[in-house]
Amino acid sequence: MVQTLTVLGLESSCDDTAAAVVRQSDDTAAEVLSSVVYGQTELHSAFGGVVPEIAARAHAEKLDTCVMQALEAAGLGLADMDAIAVTAGPGLIGGVMSGVMCAKGISAATGLPLIGVNHLAGHALTPRLTDGIAFPYLMLLVSGGHCQYLIAHGPEQFTRLGGTIDDAPGEAFDKTARLLGLPQPGGPSVEVEARTGDPKRFRFPRPLLDRPGCDLSFSGLKTALMRMRDQIVAEKGGLTRQDRADLCAGFQQAIVDTLAEKTRRAIDLYLLEGPAEAVVSVAGGVAANTAIRTALESICAEKGARFTAPPLALCTDNAAMIAYAGIERFRTGARDDLTLTARPRWPLDQTSPAMLGSGKKGAKA
Ligand code: KG4
Ligand code: ZN
């Protein structure tokens with residue numbers, strides 16, 4: 001029998017407060033009925049990073065409005081929901097707790113089943129929400145807080161092939177922008193500057209390429225950039241527009257080359273699984289970068305894999321991915337209850353060692 005599920009999702013693990021309603025019949029594609037996201041960029045801009053206490057308070061203040069708006073935009077009420085899904089980690093603990101408490105309150109008041117979702121699973125399952133991609137597929141998560149290669153085998157089965165041992169790429173873009181006096185978020189501003197720059201003028205390192213495997217490291221790039229910037233300033237008394245563009249182009253090219261080579265290796269490992277159709281997908285804000293996207297596309301073409309990227313609004317933090325991951329868990333029979341706890345760390349692949357990199361948005365998995 002076809003089962004149609006309509007699920008309300010909540011997301012508050014970092015600096016976006018989000019609620020969404022997603023519906024799926026088990027024989028059709030999922031449909032995002034609404035997706036509301038309140039960013040907190042201005043609240044944190046004076047501090048040079050996300051302040052966990054400010055984030056948690058803002059989530060607590062905004063979540064109920066967000067839920068009401070998501071329901072209204074979907075033209076539905078809580079009585080039309082089959083379950084409520086909420087990010088239960090990993091992320092900034094105060095924010096995750098705000099979402100979990102809100103979801104528990106709704107669940108207790110309405111009797112709706114509660115489903116705790118791993119935020120990273122939300123990102124990793126998005127290609128199924130948007131394109132109905134079949135398992136197993138290869139996923140690259142690249143954002144300000146995450147960077148890892150995963151093979152998705154099932155709604156809760158992921159193999160982690162590698163990831164960053166320090167900064168995430170988005171974080172490296174943001175720090176680079178700060179060092180060069182460019183506006184935040186750094187990714188888009190560095191990308192714009194890089195367009196008019198010469199990527200060969202400065203020699204940036206290509207971290208960890210000399211080592212086997214799919215692990216990455218990005219923290220050395222900003223140190224290299226700082227040294228180059230300081231040297232130009234010492235020699236010429238300041239940076240010209242061209243200096244800045246060349247630094248951005250060199251930095252971006254180093255990220256592109258590193259991700260390209262590690263993606264090649266990850267695809268080779270994934271192809272050993274013998275997928276019926278090889279599919280590589282990407283999620284996270286850094287997926288918006290044209291140079292990175294183009295490089296990933298051409299590597300996929302080279303390896304005979306299909307490349308797919310969700311629309312940007314579903315690549316960055318949102319609650320539609322949480323509602324959808326909730327639907328997938330619900331279909332497996334998974335249910336949580338009021339004992340659900342918020343987890344600051346929650347690796348998707350329980351068998352791989354914990355990542356030590358903390359990232360600008362707090363400890364991830
Ligand atoms: O996924 P996201 O919205 O939030 C999390 O980090 O979880 O990603 C935001 C990150 C920021 O670090 C931002 O600088 C980066 O994605 N980003 C980009 C671009 N657009 C956003 N990085 C490189 N190039 C871009 N065009
Ligand atoms: Zn995220």
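The values are calculated or read from the model by the stated rules, or taken from the named source; none is laboratory data. It should be emphasised that the depicted structure is a prediction, and the values quoted were computed from it without experimental measurement. Heads up, the Cβs are rebuilt from the backbone with ideal geometry, glycines too, and the neighbour counts pull from every protein chain shown. Keep in mind that these areas ignore ligands, DNA and RNA; they rest on the heavy atoms of the full protein, side chains included. Shrake-Rupley method; radii C 1.70, N 1.55, O 1.52, S 1.80 Å.
At a glance:
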item	result
Cβ pairs under 6 Å, 6+ apart, first in the stretch 315-339 and closer than 18 Å to SER13 by Cα, second surrounded by fewer than 23 Cβ atoms within 10 Å (Cβ to Cβ) and charged (D, E, K, R)	ASP317/ASP16
Residue list for the stretch 78-112, restricted to those being β-branched (Val, Ile, Thr) and open to solvent by less than 10 Å² (accessible area, probe 1.4 Å)	ILE84, VAL86, THR87, VAL96, VAL100
Count of the stretch 247-287 residues which are farther than 23 Å from THR308 by Cβ and open to solvent by less than 10 Å² (accessible area, probe 1.4 Å)	6
Among (1) touching a residue at least 60 places away in the same chain (Cβ under 8 Å); (2) surrounded by 23 or more Cβ atoms within 10 Å (Cβ to Cβ), the one test that ALA55 misses	(1)
Residue match in the stretch 20-32 (condition: under 30 Å from PRO185 (Cα atoms), among the polar types (S, T, N, Q) and in contact with a helix residue (DSSP H, G or I) (Cβ under 7 Å, 6 or more places away or on another chain))	no
Count of the stretch 1-35 residues which are more than 21 Å from THR110 (Cβ to Cβ), within 16 Å of ligand 1 (Cβ to nearest atom) and not in a strand (DSSP E or B)	3
Residue satisfying condition, being of a type in the set (Gly, Ala, Ser) and farther than 25 Å from ILE93 by Cα, within set GLY170, GLY144, GLY154	GLY154
Single unsatisfied condition, TRP346 versus (1) closer than 23 Å to GLY213 by Cα; (2) away from ligand 2 (no atom under 16 Å from the Cβ)	(2)
Matching residues in the stretch 254-282 - criterion: being of a type outside the set (D, E, K, R), closer than 25 Å to ARG211 by Cα and either outside any helix (DSSP H, G or I) or over 21 Å from the mean Cα position of the chain (by Cα) (or both)	LEU269, LEU271, LEU272, VAL280, SER281, VAL282
Count of residues meeting criterion [among the small types (Gly, Ala, Ser), within 16 Å of ligand 1 (Cβ to nearest atom) and over 21 Å from LEU314 (Cα atoms)] in the stretch 243-294	5
Tally of residues being in a helix (DSSP H, G or I) and at pLDDT below 85 across the stretch 44-67	4
VAL233 being without any contact (Cβ under 8 Å) to a residue 12 or more places away in the chain and among the aliphatic types (A, V, I, L, M)	yes
Hey, ALA29 over 21 Å from the mean Cα position of the chain (by Cα), more than 21 Å from SER143 (Cβ to Cβ) and crowded, with 18+ Cβ neighbours inside 10 Å or not	no
Tally, over the stretch 4-25, of residues that are under 18 Å from CYS315 (Cβ atoms), away from ligand 2 (no atom under 16 Å from the Cβ) and surrounded by fewer than 24 Cβ atoms within 10 Å (Cβ to Cβ)	0
Matching residues, the stretch 58-77, being among the hydrophobic types (A, V, I, L, M, F, W, C) and open to solvent by 30 Å² or more (accessible area, probe 1.4 Å)	ALA60, MET68, ALA73, LEU76
Subset tally (residues that are in contact with an Asp or Glu (Cβ under 6 Å, 6 or more places away or on another chain) and more than 8 Å from ligand 1 (Cβ to nearest atom)) for the stretch 160-189	3
Residue tally, condition at pLDDT 95 or above, within 16 Å of ligand 2 (Cβ to nearest atom) and among the polar types (S, T, N, Q), over the stretch 26-43	1
